[in-house]
Amino acid sequence: MKDSTRAFLAADRTVARDQIERIFEERLAALSAGVVQALAETLAGVRRDLTGKLNQSVRRIRASEGEQQWSKAIVDATLGFADRAALFLIRDGSLHLSATRNMTGDRMPAIPLDGARAFASAAQSRDTVVALRTKGEMSEAIARWTGEDAAHTFYLFPISAKGHVVALLYADSEGQNVEVNGLELLTTVAGAVIESHPVASAAQPALVNIAAPARSLEEQDLHFKAQRFARTQVAEIRLYKSENVKSGRAARDLYTSCKEEIDSAREAFQRDFVSSDTMVDYLHQELVRTLANDDVQLLGPDYPGPLV
């Protein structure tokens with residue numbers, strides 16, 4: 001083949017490759033634009049649906065004539081955010097079941113708040129709490145009612161009005177994830193509506209003011225976040241590394257069995273929380289209490305000990 005022919009073919013291949021690349025880029029750009037537009041339209045639709053749902057919930061709560069009605073309005077609004085929901089009013093240091101959605105039974109005796117560890121933590125911190133569905137976290141009565149299941153978690157969302165925790169929204173799911181952001185927004189709106197527009201009730205729940213330790217507001221917030229972080233991290237270890245936890249307890253060496261997860265949690269806790277002079281090693285406390293069943297020796301001889 002002559003050199004001129006080879007050069008012509010090479011140039012022709014270059015032109016073809018350039019044309020293909022240009023066409024591909026044009027098609028990709030068009031596709032990307034379409035995807036972006038479709039995504040924007042989807043997000044706009046989600047925002048409209050969420051806004052409409054919240055507006056409807058606000059109207060229902062405002063129109064309520066008693067605690068049963070506004071409790072029902074709140075749990076009904078969780079549809080699409082969680083499989084099951086229940087609202088517990090806090091009155092005289094106890095939890096009082098007020099309304100449910102998709103739960104078996106809607107009656108339960110009053111449960112002492114200090115006997116339901118996760119519920120007490122949510123009321124104390126005034127922040128969302130996630131925990132395993134065990135009687136140690138929920139109390140024996142609530143665990144029996146919801147169905148104890150150490151392979152699944154549940155969420156608690158505090159509802160506050162005028163600086164007081166008035167109720168806790170329980171949510172869990174089997175076939176879908178709990179939409180935490182949507183439920184946090186719902187409970188925030190519910191608290192604001194209850195605060196600005198108190199609903200009538202023949203037996204209005206007593207507002208529970210959770211006493212805070214003598215710390216600044218910034219320190220209190222940091223401590224609450226640290227507690228929530230610790231509980232979430234240890235709950236995830238129990239949930240996703242259950243076999244490691246079992247073998248670690250049997251060998252009395254949980255640290256070795258769950259070393260990667262514990263070290264990762266310790267590193268994050270050290271980075272995000274230990275800078276405070278008043279900080280407590282809540283992660284260590286939760287590891288001992290929840291993983292080691294209050295027996296620090298189960299963590300094993302190589303466990304480094306508290307960070308502070």
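Looking only at helices (runs of 4 or more DSSP H) that fall completely inside the range 237-300, which ones have 1 or more residues that are hydroxyl-bearing (Ser, Thr, Tyr) and touching a helix residue (DSSP H, G or I) at 6+ places or on another chain (Cβ under 6 Å)? Can you show your working first?
Working: elements: 242-250, 254-257, 259-272, 282-286.
Output list reads 242-250, 254-257, 282-286.
One residue is enough: does the range 65-82 have a residue meeting the conditions of a type outside the set (Val, Ile, Thr) and within 28 Å of TYR282 (Cα to Cα)?
So the first thing to find is which residues in the range 65-82 are of a type outside the set (Val, Ile, Thr), and the list is 65-73, 76-77, 79-82.
Adding the requirement that they be within 28 Å of TYR282 (Cα to Cα) leaves none.
No: zero hits.
Output the residue which, of all residues in the range 121-153 that are among the aliphatic types (A, V, I, L, M) and within 13 Å of the chain's Cα centre (by Cα), is surrounded by the most Cβ atoms within 10 Å (Cβ to Cβ). Give the derivation first.
Residues of the range 121-153 that are among the aliphatic types (A, V, I, L, M), as a first pass: 122-123, 129-132, 138, 141-143, 150-151.
Add one more test, that the residue is within 13 Å of the chain's Cα centre (by Cα), and what stays is 122, 129-132.
Values: ALA122: 27, VAL129: 25, VAL130: 21, ALA131: 24, LEU132: 23.
This residue is ALA122.
The rows are residues; the columns are (1) touching a Lys or Arg at 6+ places or on another chain (Cβ under 7 Å); (2) closer than 30 Å to ASP221 by Cβ; (3) β-branched (Val, Ile, Thr); (4) at pLDDT below 90.
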site	(1), (2), (3), (4)
LEU43	no, no, no, yes
ASP49	no, no, no, yes
LYS53	no, yes, no, yes
ARG59	no, no, no, yes
ASP76	yes, no, no, no
ALA86	no, yes, no, no
LEU89	no, yes, no, no
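Limited to the range 242-284, what total is found for residues that are modelled with pLDDT under 90 and farther than 16 Å from VAL129 by Cβ?
Of the residues in the range 242-284, the ones modelled with pLDDT under 90 are 242, 274-282.
Filter once more, so that each one left must be farther than 16 Å from VAL129 by Cβ: 242, 274-281.
Of the residues in that region, 9 qualify.
Would you please list the contacts, defined by Cβ atoms under 9 Å and residues six or more apart or on different chains, that run from a residue in the range 145-165 that is within 17 Å of LEU97 (Cβ to Cβ) to a residue that is modelled with pLDDT under 85 and basic (Lys, Arg)?
Going by the 9 Å Cβ cut-off, the qualifying pairs are PRO158/ARG126; VAL165/ARG126.
The values are calculated or read from the model by the stated rules, or taken from the named source; none is laboratory data. All values reported here derive from a predicted model rather than from experimental measurement. When we count neighbours, we look across all protein chains shown, and the Cβ atoms used for this are built from the backbone with ideal geometry, even at glycine.
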